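A.B. asks: Sharing a structure with you now.
The values are calculated or read from the model by the stated rules, or taken from the named source; none is laboratory data. It should be emphasised that the depicted structure is a prediction, and the values quoted were computed from it without experimental measurement. Positions of Cβ are generated from backbone atoms using ideal geometry, with glycine treated the same way; all protein chains shown enter the neighbour counts. Only protein heavy atoms, including side chains, enter the accessible area calculation; ligands, DNA and RNA are left aside. Shrake-Rupley method; radii C 1.70, N 1.55, O 1.52, S 1.80 Å.
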Amino acid sequence: MFSGELKCHRCDECNGFGCPDMLPGLGGVMEGQNFQANVQAWKDLYDENAEKIEIKSSVIRCGPVTGAVENIGFENERDFYLPYLENAYNAGFGLCIGDGCPDEKLKYGIEAVKKLKQENKNVNAAFFLKPYPQSRLFERVEWVKPFADYIGIDIDSYNILTMRNLVNLERKTAVQLEEFREKTQLPFVIKGVFTKEDLELVKEVLPDVVYISNHGGRVETRSGSTADYLKENAEELKKFCKEIWVDGGIRTKKDIQTALLYGADQVIMARPFIRATFDGNFKETIQNLL
């Protein structure tokens, strides 16, 4: 459907074993360890009680994705954003828009959301900014604010391999996150919650949304899965936020039901939707999710 060559290997099961350490690309760090753990843990935690949970399209979001050329294989970066986000919107899903380097990646995402919102004001978009130094971060807030329903910060991406040595990112303190929230004046999301230290940060900042993520296994962090983190910490996290979102290895209807069973309010999927957008079979991909 699009020019370029998809870097995804189109494995029968997208579980991280076909693309370990494939970065740039759609693989993960640490030989794909956390990517693989994310996928497997949903299967391990599945409970028959999850079958009773009805899935509405409104609990699903497409993941925040940039780097269409280096990570996905598109010939042109701009070609990715509108089709990816429009497919998700037409399926009834919420949208997540990512940040990247150079700035055009974020601006292409803004451009796509602007177009969709012109056609339908009900488009629900969450923007996630990289943890740049505050002055540059606040500039980006002004770019996205007119089109955002949520604004979040990607707290773990200061350590992401694909942006290392390209830009100046920093680990944010609670004070800096409070400043960020004050600047946005919109529902505030902390994305990348995955460690004990992150839990303490949530307790201090009290965000509107906690987004459990290990960046799809693409950041160097502790070993483990987002599913297990959700199960172990959702009850505690709910005391300090209004909603919990989660991503990482979610592939099937059972995975979505399992996430909802253990306390998630929204589930986010990226790799399956990326592949479906490139191959032009988005409707077929989602038909078994709901």
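A.B. asks: Could you size up the charge dipole of the chain around its Cα centre, putting +1 on the beta carbon of Lys and Arg and -1 on that of Asp and Glu, and report it in debye to the nearest 20? Present the calculation step by step, with values, prior to reporting the outcome.
C.D. replies: On the way: 37 positive and 45 negative charges, 101 e Å.
Using only the charged Cβ atoms, the result is roughly 480 debye.
A.B. asks: Considering only Phe147, Leu199, Thr285, whose Cα is most displaced toward the positive end of the charge dipole of the chain, charges sitting on Cβ of Lys, Arg (+1) and Asp, Glu (-1)?
C.D. replies: Highest projection toward the positive end goes to Phe147.
A.B. asks: Under the Karplus relation 6.51 cos²θ - 1.76 cosθ + 1.60, θ = phi - 60°, what is the ordered set of whole-Hz ³J(HN,Hα) values for region 61-73, x standing for Gly and Pro?
C.D. replies: 10, 6, x, x, 10, 9, x, 5, 7, 6, 9, 9, x
A.B. asks: Per residue, what volume in Å³ does the Cα convex hull of region 142-242 take up?
C.D. replies: Measuring per residue, one finds 110 Å³ for the Cα hull of region 142-242.
A.B. asks: Compute the distance from the alpha-carbon center of region 156-206 to that of region 20-58, in whole Å.
C.D. replies: Using only Cα atoms, the two centres lie 23 Å from each other.
A.B. asks: Same structure again: Pop out the ³J(HN,Hα) list for region 146-157 in order, Karplus 6.51 cos²θ - 1.76 cosθ + 1.60 with θ = phi - 60°, rounded to Hz; leave Gly and Pro as x.
C.D. replies: Calculated HN-Hα couplings, in order: x, 10, 9, 9, 9, 10, x, 10, 8, 5, 8, 7 Hz.
A.B. asks: Quick check on region 33-92: what are the equivalent-ellipsoid semi-axes from the Cα gyration tensor, as sqrt(5λ), descending, whole Å?
C.D. replies: Over the Cα atoms of region 33-92, the ellipsoid semi-axes are 29, 19, 6 Å.
A.B. asks: Express the relative contact order of the chain as a whole percentage, based on alpha carbon pairs under 8 Å and six or more residues apart in sequence.
C.D. replies: Worked out over the chain, it gives 23 percent.
A.B. asks: May I ask you to give the percent of accessible area on the chain that is carbon plus sulfur, with a probe radius of 1.4 Å?
C.D. replies: 46 percent
A.B. asks: Also: In Å², what does the accessible area per residue of region 24-134 work out to with a 1.4 Å probe?
C.D. replies: 40 Å²
A.B. asks: Which whole-number percent is the relative contact order of region 4-122 (Cα, under 8 Å, 6+ apart)?
C.D. replies: Rounded, it is 22 percent for region 4-122.
A.B. asks: Glu204 to Phe17: extension gain in nm, 0.36 nm per residue of separation minus the Cα-Cα distance?
C.D. replies: Working: separation 187, 0.36 × 187 = 67.32 nm, distance 3.74 nm.
This chain segment gains 63.6 nm when fully extended.
A.B. asks: For the chain, what is the per residue volume of the convex hull drawn over the alpha-carbon atoms, in cubic angstrom?
C.D. replies: 116 Å³
A.B. asks: What relative contact order, as a whole-number percentage, does region 194-263 give when Cα pairs under 8 Å and 6 or more residues apart are counted?
C.D. replies: Working: 76 pairs, mean separation 27.6, N = 70.
Relative contact order here is 39 percent.
A.B. asks: Suppose all protein chains stay in the model; what accessible area per residue would a 1.4 Å probe give for region 220-290, in Å²?
C.D. replies: Accessible area per residue: 42 Å².
A.B. asks: Add -39500 (n - 2.57) for each DSSP H run of 4 or more in the chain, then divide by its residues: what number comes out at 222 nm, to the nearest 500 deg cm²/dmol? Write down the numbers at each step before the final one.
C.D. replies: Details: 10 runs with 109 residues, N = 290.
Helices in the chain give a 222 nm mean residue ellipticity of -11500 deg cm²/dmol.
A.B. asks: Here is a further query. Show which aspartates and glutamates lie in cross-link reach of Lys145 when reach means a straight Cα distance below 20 angstrom and same-chain residues fewer than eight apart are skipped.
C.D. replies: Glu86, Asp99, Asp103, Glu104, Glu111, Glu119, Asp154, Glu178, Glu179, Glu182, Asp208
A.B. asks: I'd like the antiparallel share, as a percent to the nearest 5, of DSSP beta bridges with both residues in the chain.
C.D. replies: The answer is about 5 percent antiparallel.
A.B. asks: Check cross-link reach from Lys52 to the lysines: straight Cα distance under 30 Å, and skip same-chain residues fewer than eight apart.
C.D. replies: Lys43, Lys191, Lys231, Lys238, Lys239, Lys242, Lys253, Lys254, Lys283
A.B. asks: Ok, one more. Which values of log₁₀ I(q)/I(0), to two decimal places, follow from the Debye formula for region 242-284 at q = 0.21, 0.33 Å⁻¹ with a uniform point scatterer at every Cα?
C.D. replies: -0.69, -1.11
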